[in-house]
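No value in this document is a laboratory result; all are computed from the given coordinates. Since we're looking at a predicted model, the values are computed, not measured. We place every Cβ from the backbone using ideal geometry, glycine too, and count neighbours over all the protein chains shown.
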Amino acid sequence: MFKAEKRTPPQKVLIASANPLFGRGLERLITRRWGDGHIQIRLASEMSETLSILTEWGPDLVIVDYDDRNINRAEFLSHFVAGEKPMQVMMVSLQASGAVVVYDRRTLTPAQAEDWLDLQWLSPQTAEMDHSMPKRSSNMKHFVIVGVLVVVLTLVVNAILTGIGILPVEAATQAAVIDRLFNLHFFFIAFLFSLIAVFLMYSVVVWRKKAGGPDEGANFSGSNRLEIAWTVFPLAAVLVVSYLGSVALADIQKEDPDALEVQVTAGQWFWSFEYPEFGITSSSLYLPVNRQVLLRMSSVDVIHSFWVPEFRVKQDVLPGENFVRELRFTPSMTGEFTVRCAELCGGAHAYMNSPVIVMEPTAFDQWLQDESGVTVSDPAARGLSVVKQTGCVACHTIDGSNSVGPTWQGLFGKEETLVDGSTVVVDETYLHTAIVNPNAQVPEGYPPNVMPQNYEQLLDEQDIADIIEYIKSIQ
Ligand code: HEC
Ligand SMILES: [Cu+2]
């Protein structure tokens, strides 16, 4: 920082002006300012008088009336340049309101000259700035005002952000946990906004350039205190937020062994929901309230994302059977919501919505019963529920392993060898016969009379057709 030079007040002052008001006025001003008895003031009203006093008396400060035509400034300045004794010349104008011109004549040793060069080039404004620079105590005052304004604005912005209802209703127990984080972020956002806005506006208003004031501010380079502060505070904020984030994540992923499992299939552009326990497939997601649901999700084509804003949780849905993704939440409110795809997935992405209906448990059970009938539109899905209800799964697997009866995996279209040595390609007719009259065509390696013979009576043609569709789908 610039250190103000110690100046001793002038001892001998010469005022050059033909205007007695100018001279007297200045004389009074100077005595009031430096008037401790030592100061001598002389007045000169014309050029020759001025010059002779200048050489004989040797004043250290000369104040020249800039507006006075009798005083030849050029000649005067040539004397100023020629002399050796330290002297200052001030050109003061009463008419123009501009700055006062000061000429400062000094003799300097080389070392002093070096200092002087440093000072001058550091900032030409430093001398003036020195009095406009606020003292530490008045700096404190500004910081206190700014601090109070930041606090007030933070509270106001935070109240607005939380008050205008940006977030939809909380319809799952997990939503409360997520919203606590949201509210914390709103507070951070309000604070950072206020910090920047208040400092900026305060500087613009209070530190406005004053007329005739310096053009440039002080030149700072580096502040350890500031740098430590703006490293430590953001670091602490990030650590705190990440800690709270992981606690919240653990909280919303808590598993309930009693969860209702739903298998979700996403595709361009549909959602399909299968309830494996009940053999139901639906294009809307029906859920009982206050019971955790476990979604096991997979995509048949590109990446989609399951998102019900009211539940706050969201999970990408990936293609590939090794990439089944799970999502848990507990609906806490009955009503109708919408699942949206939250991953840009092609032309109709924006329309990839499906209803989500959260019901009282009794209503949900009723829905399960209704759906278990023939209302499911997909024949293979209907076939699956018939197979489960009839108990075929006790003897047949769908994973390729043989049990009491042959597996159904890859059965359709396969060439089957029968016990009498003949071969036959498995088609719809073969399957139909195998169900209604098992002994008519017994595959090699399996005993006859084990599979029940009465399915023709138990099942109607529609059930059998659906089972055949289901078996065809297991490849
Ligand atoms: C008690 C065990 C048992 C049950 C229950 C049973 N099956 Fe079978 N199933 C067999 C056996 C054993 C065979 C092989 C011998 C035969 O064809 O009789 C067989 C064969 C079949 C075949 C022919 C497989 C092939 O490889 O050619 C079909 C199709 C079939 N069952 C469908 C059904 C359906 C549909 C149901 C339920 C509605 C069912 N089965 C219930 C034991 C069973
Ligand atoms: Cu999608």
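Can you list which of the DSSP-assigned H helices in the chain have a Cα extent of 30 Å or more along the long axis and an average Kyte-Doolittle score of at least 1.0? Span-like helices here: 136-163, 173-206, 224-252.
What percent antiparallel are the DSSP beta bridges of the chain, to the nearest 5?
Percent antiparallel among DSSP bridges in the chain is about 55.
When each of the peptides 342-355, 171-184 is scored by how many other beta carbons lie within 10 Å of its residues on average, the order from highest to lowest is 171-184, 342-355.
Arrange the peptides 420-426, 378-384 so that the one whose residues have, on average, the most other Cβ atoms within 10 Å appears first. Don't jump to the answer; show the numbers that get you there.
On the way: 420-426: 11.1, 378-384: 20.9.
Descending packing order for the listed peptides: 378-384, 420-426.
Computed over Cα pairs, the Kirkwood radius of segment 151-197 leads via Stokes-Einstein (1.002 mPa s, 20 °C) to a diffusion coefficient of 191 µm² per second.
Full extension of the chain segment joining Asn219 with Glu84 gains 45.1 nm, where the gain is 0.36 nm per residue of separation less the Cα-Cα distance. FRET efficiency for the Val424 to Leu260 pair, using the beta carbon distance and R₀ = 41 Å, is estimated at 0.45.
Helix-derived [θ] at 222 nm for the chain: sum -39500 (n - 2.57) over DSSP H runs of at least 4, divide by residue count, nearest 500?
That comes out to -13500 deg cm²/dmol.
Working note: Cα gyration tensor of the chain, eigenvalues times five, square-rooted, sorted largest first, giving semi-axes of 101, 23, 18 Å. Each eigenvalue of the Cα gyration tensor of segment 383-473, multiplied by 5 and square-rooted, gives one semi-axis; in descending order these are 19, 14, 13 Å.
Where does each of 323-336, 406-419, 245-258 land if you order them by average Cβ count within 10 Å, highest first?
On the way: 323-336: 17.3, 406-419: 14.9, 245-258: 11.9.
Put in order of decreasing packing, that is 323-336, 406-419, 245-258.
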